[in-house]
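Student: Let me begin by handing over the structure; questions about it come next.
The values are calculated or read from the model by the stated rules, or taken from the named source; none is laboratory data. All values reported here derive from a predicted model rather than from experimental measurement. Every residue, glycine among them, receives a Cβ derived from its backbone with ideal geometry; neighbour counts consider all protein chains shown. Note: accessible area is taken over every heavy atom of the protein model, side chains too, but ligands, DNA and RNA are not part of it. Shrake-Rupley method; radii C 1.70, N 1.55, O 1.52, S 1.80 Å.
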Amino acid sequence: MIAIAQAIVNGVLAGAALAVPAIAFTTIFAVLRFANFAVAGFATLGAYGGWLVNTRLGVPAVPALLGACVAGGAAAVIVDEAALKGLRRRIRPGEAALAPAIASVAATLLLENVARFLFGNDPQGYDLPVFRDWHIGALAVGPQQLADAAIALVAMTALFLFLGFTRAGRTMRAVADNPGLAALKGIDAARVGRIATFAAGALAGLGGMLIGFDTSLDPLLGFRVMLSVFAAAVVGGLGSIPGAVAGAFVVGLGEEMATLVVDPAYRTAVGFAAILIVLSLRPAGLFGERTA
Amino acid sequence: MKIGLTRRRALLAGLALPAFAPGLAEAAQSIPIGTLTPLTGAGGAYGPSMAKVAKAVVDEINAAGGVLGRRLALTSEDSETNPDAGVKAAHKLIDINHVVAICGTWASAVTTAVAPVCWQSKTMLFTVSGADSITLLPHHGYIIRTQPNSHLQAVSVADFMAARGIKSFYSLSVQSPFATSVYQQMGAELATKGGKALGDTIYDGSKTSFRTEVEKAVATKPELIFLNSYAPDLAILLRNIYQAGFSGPRFTPGYAATPKLIASLPKPVTDGLISYAPSPDPGSPGYKRVKQILGTEPDPYSAQIYDHVSLAALAMAQGKAATSQAIHDNVRAVGNPNGVAVTDAVAGLKAIAAGHTINYSGASGPCKFNAIGDILSSKFRFDLVRNGKSTLLTIS
């Protein structure tokens, strides 16, 4: 029983870490209608941006998260303007957005190598103290993981407020819901696309830095979590932000609960089997209306 | 559609040919040799320096007149510490560059994937990978390994543990060809000295948290946790172990506990970490030369690739043929105990040209191999991390 409770705690915390980059991925899909795998690269560059602010400028780790947001957002806008936007324009209505999706895979490899060129292969760490776990009854909880989950929650709340209560957020939702109607109402889709791209890149960067807090920082940081991030967004329903959050928890919990019955080496496989079951029952994902 | 050679194209082709001709002539005369080191990925901390050392050895050999009067032409590829990328790069080295040998494969999973490509094309493969299973493959003599195999390493580590009074351990190992064998061999060796292996968990190295795996290990109350890891997953494991409240010794291979990784982690997390590594011979002239090439204390793999390139060159000279077969047939002959002692390729090539048999001993020590290509003996060094710095405990 304690093992199940511990797996749930671990799964929820793992899900919280995945949720932020998963929201980034799904936001781009909602507004620009393509799967931008370069989110992995934005997470990596964001993590390095935050690291520079934290270790080189001496800013404490939590405020340095802003550096990660700026670096991730800037990387996202540059990649989109330089490579992906042109490819998106050539897609005819009703056609699958394959070219920008594949180009985004190339972009993530490029960004990974930019990070390698600028910062090297060696792992780096944030200037952040480490704490022993808190024991609540028989359950162990890491203070850093709790803090990460709280930061993720704050970021998600900020995004909800932005989408719900600001003009830019409302136009973004309008474009996501019905781009044709939004255009008729005079909404500048290109501008909205840039805002969405920056916001998603900033979230990916933040997510990357939060992952870096518990691991170490190297050029493959984003790439390592990309499959789980993609899975979370698909399970939740591509394009649905609450779905991405739910999907992240399904993936996190699925992988952790799997360790109760099989060897941890197989937890990824069992986690993905759970995803297959969810998608078999709801092909559009938990909260989705569209399929990829 | 008309396809033909117009006069204009013929003229352009004729003008272009002389520009390429010297390159073609040189390519025909030179002896192609390749490196396939992890320039990126989990082994990325080692691959670039390995490639640098290989280039320096090739330059030295070429400056002294080459092998059998021909220059060595080095091509360095990146295995990305990834079997799939490694196989593609090996095909490129073999099918396009026509190398006589591939030197420096690092990760056991990469070497295992690349090995069949090599032996099927009768190309020599020199590796620094440790998994026992590698030299047990049906490679027909086309693999030479300068890294002591897992068995030699496991026995050495277990003996060290026993000497420090450790009676029990739990193993957390990344998915790899050596995960189970190292655990079993260490357990068996420790059992002969009254100790006990409490269990092992094999984990997926691509994850960002190993809390569940660590909780499972700590629950067995081990005196020591053995972390058979690579650097990125070791960073997470060390954090998770500290967070779980375990303060006993942790033991890990030296290739995972890189100085940069230790520097990147908070000091309480790394304090008391012991790493082990096959040790090059720090007193040898070859080791000093590698140190000079890199401008820093060499890692074991850079020392070993110094020997890979040297052995390939010497074996070709010994066999009087610039072929992979000559390396295959003569790589053991250049370590003849009755021959003239040499410590670098240039001196060895001169001795062979003068008609001597040679006994090559390089940067990683004596290069003597058994019938399946395993090195026969090796020293091991053990380092302890204290206050964020790794210091030598002993070389045994």
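Student: For region B:314-383, which trypsin sites (Lys or Arg not before Pro) are in a loop by DSSP, counting at most 13 other Cβ atoms within 10 Å?
Tutor: B:320
Student: Residues with beta-carbon under 12 Å from that of residue B:110, excluding residue B:110: net charge, scoring Lys, Arg +1 and Asp, Glu -1?
Tutor: Spelling it out: positives minus negatives among the neighbours equals -3.
Student: Next question. I'd like the accessible area for residue B:91, computed on protein heavy atoms only with a 1.4 Å probe and all protein chains in place. Round to 10 Å², please.
Tutor: Its heavy atoms expose roughly 80 Å² to the probe.
Student: What distance in nm lies between label points placed 7 Å from Cα along the C-beta direction at residue A:178 and residue B:163?
Tutor: Using points 7 Å along Cα→Cβ, the separation is 7.9 nm.
Student: Looking only at region B:335-360, which residues have a backbone nitrogen under 19 Å from a spot 7 Å from the Cα of residue B:368 in the C-beta direction?
Tutor: Only B:335-344, B:357-360 pass the distance filter.
Student: While we're here: I'd like the projected area of region B:218-340, averaged over all directions, using the convex hull of its alpha carbons. Report it in nm² with one decimal.
Tutor: The orientation-averaged projected area of the Cα hull of region B:218-340 comes to 11.0 nm².
Student: What FRET efficiency, computed as 1/(1 + (r/R0)^6) with R0 = 51 Å and r the Cβ-Cβ distance, is obtained for residue B:377 and residue A:102, rounded to the nearest 0.05? Kindly include the intermediate steps, with their values, before the conclusion.
Tutor: On the way: r = 51 Å, r/R0 = 1.00.
With R0 = 51 Å, the Cβ-Cβ based efficiency is 0.50.
Student: Taking every Cα atom in region B:150-278, find the radius of gyration and the maximum pairwise distance Dmax, and write them in Å.
Tutor: 13.3, 38
Student: For the pair residue A:113/residue B:70, report the inter-label distance in nm, with labels modelled 7 Å from Cα in the Cβ direction.
Tutor: So the two model labels end up 3.2 nm from each other.
Student: What total accessible area, in Å², is buried where chains B and A meet, using a 1.4 Å probe and rounding to the nearest 100? Mind dumping the intermediate values first?
Tutor: On the way: alone 17000 and 14050 Å², together 28120 Å².
In total, this chain pair buries about 2900 Å².
Student: What distance in nm separates the two pseudo spin-label positions at residue B:387 and residue A:135, each 7 Å out from Cα along the beta-carbon direction?
Tutor: The two pseudo-label positions are separated by 3.1 nm.
Student: Using only the alpha-carbon atoms of region A:21-222 as identical scatterers, what base-10 log of I(q)/I(0) does the Debye formula give at q = 0.11, 0.19 Å⁻¹?
Tutor: Here log10 of I(q) over I(0) equals -0.53, -1.26.
Student: Mind checking region A:10-107 for trypsin sites (Lys or Arg not before Pro) that DSSP puts in a loop (not H, G, I, E or B) and that have at most 11 other Cβ atoms within 10 Å?
Tutor: Those satisfying the criteria are A:90.
Student: I'd like the Karplus ³J(HN,Hα) series for region B:198-214: coefficients 6.51, -1.76, 1.60, θ = phi - 60°, whole numbers in Hz, and an x wherever there's a Gly or Pro.
Tutor: Values per residue, Gly and Pro as x: 8, x, 9, 10, 9, 10, 8, x, 8, 7, 9, 8, 10, 4, 4, 5, 5 Hz.
Student: Does anything in region A:198-236 have its amide N under 18 Å from the 7 Å Cα→Cβ label point of residue A:147, and if so which residues?
Tutor: Hits in region A:198-236 for residue A:147 at 18 Å: A:206-217.
Student: Would you calculate, for chain A, the mean residue ellipticity at 222 nm contributed by helices, counting each DSSP H stretch of 4 or more residues as -39,500 (n - 2.57) and dividing by all residues, to the nearest 500?
Tutor: Dividing the helical sum by the residues of chain A leaves -23500 deg cm²/dmol.
Student: Please list, in order along region A:185-199, the HN-Hα scalar couplings obtained from phi with the Karplus expression 6.51 cos²θ - 1.76 cosθ + 1.60 (θ = phi - 60°), rounded to whole Hz, x for Gly and Pro.
Tutor: 7, x, 7, 7, 5, 5, 5, 4, x, 5, 5, 4, 5, 5, 4
Student: Something else: Going by a 1.4 Å probe on protein heavy atoms, which residues of region B:262-291 end up with at least 20 Å² less accessible surface in the whole assembly than in their chain alone?
Tutor: Flagged in region B:262-291: B:264, B:266.
Student: By a straight-distance test (C-alpha under 12 Å), which aspartates and glutamates pair with residue B:88 as possible cross-link partners, with residues fewer than eight away in the same chain excluded?
Tutor: Those aspartates and glutamates meeting the cut-off are B:77, B:78, B:80.
Student: With r as the distance between the Cβ atoms of residue B:140 and residue B:62 and R0 = 45 Å, compute the FRET efficiency 1/(1 + (r/R0)^6) and round to 0.05.
Tutor: Computed FRET efficiency for residue B:62 and residue B:140: 0.90.
Student: Which of the pairs B:52/B:291; B:207/B:267; B:167/B:193; B:193/B:216; B:122/B:368; B:92/B:320 have their Cα atoms more than 18 Å apart in this structure?
Tutor: Going by Cα-Cα distance, B:207/B:267; B:193/B:216; B:122/B:368; B:92/B:320 fall outside the 18 Å limit.
Student: Next up: What accessible area per residue comes out for the protein assembly as shown, rounded to a whole number of Å², with a 1.4 Å probe?
Tutor: Normalised by residue count, the accessible surface of the protein assembly as shown is 41 Å².
Student: Here is a follow-up. Expressed as a whole number of Å, what is the distance separating the alpha-carbon centroids of region B:148-164 and region A:132-201?
Tutor: Between the Cα centres of region A:132-201 and region B:148-164 lies a distance of 52 Å.
Student: Taking one equal scatterer on every alpha-carbon of chain B, how large is log10 of I(q)/I(0) by Debye at q = 0.12 1/Å?
Tutor: -0.90
Student: Check residue B:279: other-chain or 5+ apart residues with amide H under 5 Å from its amide H, H built from backbone geometry?
Tutor: Result for residue B:279 returns B:379, B:380, B:381.
Student: Could you tell me how far the Cα centroid of region B:44-64 sits from the Cα centroid of region B:277-339, in Å?
Tutor: 12
Student: To the nearest whole number, what is the average tally of beta carbon atoms from other chains within 10 Å of the beta carbons of peptide A:210-220?
Tutor: 5
Student: Taking amide H positions as placed in the peptide plane 1.01 Å from N, state which residues far from residue B:342 in sequence (5 or more) or on other chains have amide H under 5 Å from it.
Tutor: Amide H to amide H, under 5 Å and 5 or more residues apart or across chains, residue B:342 pairs with B:359, B:360, B:361.
Student: I've got another one for you. Enter the accessible area of residue B:215 (Å², nearest 10), with the probe set to 1.4 Å and all protein chains included.
Tutor: Near enough 50 Å² of accessible area.
Student: Same structure again: In whole Å, what is the distance between the alpha-carbon centres of region B:114-144 and region A:1-51?
Tutor: Rounded to whole Å, the Cα centres lie 40 Å apart.
Student: When the convex hull of the Cα atoms of region A:161-224 is projected onto a plane and the area is averaged over all directions, what value comes out in nm²?
Tutor: Working: hull surface 22.1 nm².
Directional mean of the projected Cα hull area for region A:161-224 stands at 5.5 nm².
Student: Select from A:142, B:124, B:378 the residue farthest towards the positive end of the dipole of the protein assembly as shown; place +1 on Cβ of Lys and Arg, -1 on Cβ of Asp and Glu, and compute about the Cα centre.
Tutor: Towards the positive end, the residue furthest out is B:124.
Student: Mean projection of the alpha-carbon convex hull of the protein assembly as shown over all orientations, in nm²?
Tutor: 36.2
Student: Something else: Run the accessible area of the protein assembly as shown with a 1.4 Å probe and give the carbon-and-sulfur part as a rounded percent.
Tutor: Looking at the protein assembly as shown in its full context, I get 64 percent from C and S.
Student: For chain A, which span is the longest to avoid every loop-located (per DSSP) member of GluC sites (Glu not before Pro) having at most 15 other Cβ atoms inside 10 Å?
Tutor: Working: sites that count: A:95, A:289.
With GluC sites (Glu not before Pro) excluded where exposed in loops, chain A gives A:96-288 as its longest stretch.
Student: Subtract the Cα-Cα distance of residue A:185 and residue A:160 from 0.36 nm times their separation in residues, and report this length gain in nm to one decimal.
Tutor: On the way: separation 25, 0.36 × 25 = 9.00 nm, distance 2.31 nm.
Computed gain between residue A:185 and residue A:160 is 6.7 nm.
Student: If we restrict to alpha carbons, what Rg and Dmax does region B:144-204 come to, in Å?
Tutor: Here Rg and the maximum Cα pair distance are 11.7, 36 Å.
Student: Right, next: Residues with amide H under 5 Å of residue B:82's amide H, sequence separation 5 or more or different chain, H placed in the peptide plane at 1.01 Å from N; which?
Tutor: Residues meeting the criterion, in which the H sits 1.01 Å from N, do not exist here.
Student: Oh, and also: Consider all pairwise Cα distances in region A:152-197 and report the whole-number % of them above 14 Å.
Tutor: I get 48 percent for the Cα pairs in region A:152-197 exceeding 14 Å.
Student: So what are the ³J(HN,Hα) numbers for region B:347-362, from phi and the Karplus equation (6.51, -1.76, 1.60; θ = phi - 60°), rounded to whole Hz, Gly and Pro as x?
Tutor: With coefficients 6.51, -1.76 and 1.60, one gets 5, x, 5, 5, 5, 5, 4, 7, x, 8, 8, 10, 10, 7, 10, x Hz.
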